[in-house]
1. Please give the length that would be gained between residue 105 and residue 87 if that part of the chain were fully extended, namely 0.36 nm times their separation in residues minus their C-alpha to C-alpha distance (nm, one decimal).
2. Taking 0.36 nm per residue of sequence separation and subtracting the Cα-Cα distance, how much length would be gained by fully extending the chain between residue 94 and residue 146, in nm to one decimal?
3. Please state the shape class of segment 103-178: rounded when a/c is under 1.5, otherwise prolate if a/b exceeds b/c and oblate if not, all from the C-alpha gyration tensor.
4. Take the Cβ-Cβ distance between residue 27 and residue 214 as r, set R0 to 30 Å, and report the resulting FRET efficiency rounded to the nearest 0.05.
5. State, to one decimal in nm, how far the label point of residue 41 lies from the label point of residue 153, with both points 7 Å from Cα in the Cβ direction.
6. Determine, from the Cβ-Cβ distance of residue 79 and residue 130 and an R0 of 30 Å, the FRET efficiency 1/(1 + (r/R0)^6), rounded to the nearest 0.05.
7. Averaging sequence separations of C-alpha pairs under 8 Å and six or more residues apart, then dividing by the length of segment 165-240, give the relative contact order as a whole percent.
8. How many percent of all Cα-Cα pairs in the chain sit more than 35 Å apart?
Ligand SMILES: CC(C)(COP(=O)(O)OP(=O)(O)OC[C@H]1O[C@@H](n2cnc3c(N)ncnc32)[C@H](O)[C@@H]1OP(=O)(O)O)[C@@H](O)C(=O)NCCC(=O)NCCS
């Protein structure tokens, strides 16, 4: 999927546009993105305290994520700060759920955040990766045998990038499920099935995680554009445990 305004193949990356990011989430969610070299809102003092002593590049991506998160909150009538838990997950103000992602190369890159009211969505996950093939040495760790069999059925030149989509789908699911289960999951604890025609995926959990039984299926969306693979996972209020 090429978002409006994206550079046609080979041009400098211009990063996903808001319509691309928004298309991955329901209308009740607010999604905000930025380039890391854009002018960014300052961190709030409580946020700054949670990232003291980080290197400049890490500070920049953290600030860009909070910039997006607070602006998304504000679009829904909320306000920061967005603190950081011991396990590194964002702590959203009461009544909101959300997710943050960034990609960085030195002092350049992209950050995005999505927020929804907890009364409307149970949990959200967002992930972004560079749109490059997943290194084959990682396939064993990231993909279950059924996923490798799926990839063997597509054109060889597509396999590596679709493996990256599966990787990102698992990370966006992880970010959505972790606030509810507080459970660390290996990449091989889930099986992802991609539907390239609709840009959706189904993720089947292969083990129990907190409130979620083995076999529970979660849904997400994915899009490729302007040098990035972006994935989303939305855990609805119902059905489910
Ligand atoms: C947590 C994790 C998913 C983050 O992904 P990443 O590609 O390293 O980094 P991203 O830029 O995409 O996202 C980073 C943001 O994720 C958020 N995050 C970190 N830990 C999180 C958690 N446990 N739950 C929810 N969100 C989390 C944070 O907001 C962080 O940004 P910040 O530190 O600036 O606030 C990844 O580091 C990880 O631990 N993966 C292994 C577990 C996994 O994905 N298993 C697959 C199971 S099927």
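Just so it is clear, none of the values below were taken in a lab; they were calculated from the coordinates. Fair warning: this is a prediction, and the values are worked out from it, not measured in the lab. Positions of Cβ are backbone-derived with ideal geometry, glycine not excepted, and every protein chain shown enters the neighbour counts.
1. Numbers: separation 18, 0.36 × 18 = 6.48 nm, distance 2.39 nm.
Stretched out fully, the residue 105 to residue 87 stretch lengthens by 4.1 nm.
2. On the way: separation 52, 0.36 × 52 = 18.72 nm, distance 3.96 nm.
In short, 14.8 nm is gained.
3. Details: a/c = 2.65, a/b = 1.49, b/c = 1.78.
Taking the square roots of the gyration eigenvalues as a ≥ b ≥ c, segment 103-178 is oblate.
4. Details: r = 32 Å, r/R0 = 1.06.
Using R0 = 30 Å, I get an efficiency of 0.40.
5. A separation of 4.6 nm, rounded to one decimal place.
6. Details: r = 32 Å, r/R0 = 1.08.
Approximately 0.40, to the nearest 0.05.
7. Values: 125 pairs, mean separation 23.5, N = 76.
Once divided by the residue count of segment 165-240, the mean separation gives 31 percent.
8. Numbers: 2855 of 28920 pairs.
Roughly 10 percent, rounded to a whole number.
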